[in-house]
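Below: the structure, in structure tokens.
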Amino acid sequence: MNVKMNKSVFLQGLRDGVPIGLGYFAVAFSLGIIAQKAGLSAFQGFIASFFNVASAGENALFNSMIEQATYVEVAVITFVVNARYFLMSCSLSQHFDPNTKFFHRLLVGFGITDEIFGISIAKAREGYVNPWYNYGAILISVPLWSLGTSLGIIAGNILPVRVVSALSVALYGMFIAIIIPPAKKNLVIAIAVAVSFISSYVCGIIPVVRELSGGTRTIILTIVISAIIAIIKPVDEEQK
């Protein structure tokens, strides 16, 4: 690939990454409120978001910190919640030119998110995915994501408590917006979501289990419920 072509593809990725980055900024601001409650500084929040780049993963991380979970719990819950990115990376790697060097694959894998994966797969319909396309999308979206977290932390430190509490609700609104559309289209997903809510509530009140940390309960429920659903109602090849 020549330099001129790489530059053109990079600019395309940069352009396509702008709306993603703006959306990330808004969501990360709400995450910053949670991070502020966990005691992180604006710089620490920026670093955490830069190296995680995952709303659900960071929410689990920051809430685990609030609950003073152990390092092992934090590591496991972050791994479990972000496990889908392994599948996305494996899938996207099939759309690279076989001669693509390892360090390109590694850097692209670092910046895989749901949205960047989506635009990359869409680009794959035109042929092999050029890593420089991903670099452009990552360059604009990841810094905005990290900056949003930092500003959320700063806002959490200076705004009144009531305002901070109100802003905290925005993150739950985001998760509802994520799960409702697929749940409306797929009964299995709807049932899985309902079971997750009910199970989480029950585990928080029954003896012994409620003594476990929130992080441990989340890890157990995530693995058990997803495994049961996968066994009872596996996704067939056509749906994939």
**Study point:** 0 to 90° range, to nearest 10: angle between helix 131-158 axis and the chain longest Cα axis
**Key:** 30
**Study point:** Per residue value of the accessible surface for the stretch 72-144 (all protein chains in place, 1.4 Å probe), Å²
**Key:** 53
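Normalising by the residue count of the chain, find the relative contact order in percent from Cα pairs under 8 Å and 6+ residues apart. Numbers along the way, then the final one.
Working: 268 pairs, mean separation 82.5, N = 240.
Reported relative contact order: 34 percent.
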Practice item. Find, among the GluC sites (Glu not before Pro) in the stretch 1-108, those assigned to loop by DSSP (not H, G, I, E, B) with at most 12 other beta-carbon atoms within 10 angstrom. Key: none
Study note, to complete from the structure: The extension gain from PHE51 to PHE110, computed as 0.36 nm times the residue separation minus the Cα-Cα distance, is 20.4 nm
Check your understanding: Which of the following values of semi-axes √(5λ) of the Cα gyration tensor in Å was calculated from the structure shown: (1) 32, 25, 16; (2) 27, 24, 14; (3) 25, 21, 18?
Key -> (1)
Point to revise | Probe 1.4 Å - accessible area at LEU212, Å² to nearest ten | key: 70
Exercise for review: Could you tell me how many degrees, from 0 to 90 and to the nearest 10, lie between the Cα long axis of helix 3-37 and the main elongation axis, the longest principal axis, of the Cα atoms of the chain?
Suggested key: 10
Practice item. Could you work out which residue, out of SER89, SER226, SER120, moves most in a Gaussian network model of the chain, that is, has the largest mean-square fluctuation with Cα springs under 10 Å? Key: SER226
Review point. Can you pull the percent of the chain's accessible area that's carbon plus sulfur, 1.4 Å probe, other chains left in place?
Key: 70
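Can you give the net charge of the other residues whose Cβ lies under 14 Å from the Cβ of ALA124, counting K and R as +1 and D and E as -1? Show your work: numbers first, answer last.
Details: positive: LYS123, ARG125; negative: ASP16, ASP97, GLU126.
That sum, taken over residues with Cβ under 14 Å, equals -1.
The values are calculated or read from the model by the stated rules, or taken from the named source; none is laboratory data. All figures in this text were calculated on a predicted structure; none of them were measured in a lab. In this analysis, Cβ positions are derived from the backbone assuming ideal geometry, glycine residues included, and neighbour counts consider all displayed protein chains. The protein model used for the area step is the full one, side chains on, heavy atoms only, and it has no ligands, DNA or RNA in it. Shrake-Rupley method; radii C 1.70, N 1.55, O 1.52, S 1.80 Å.
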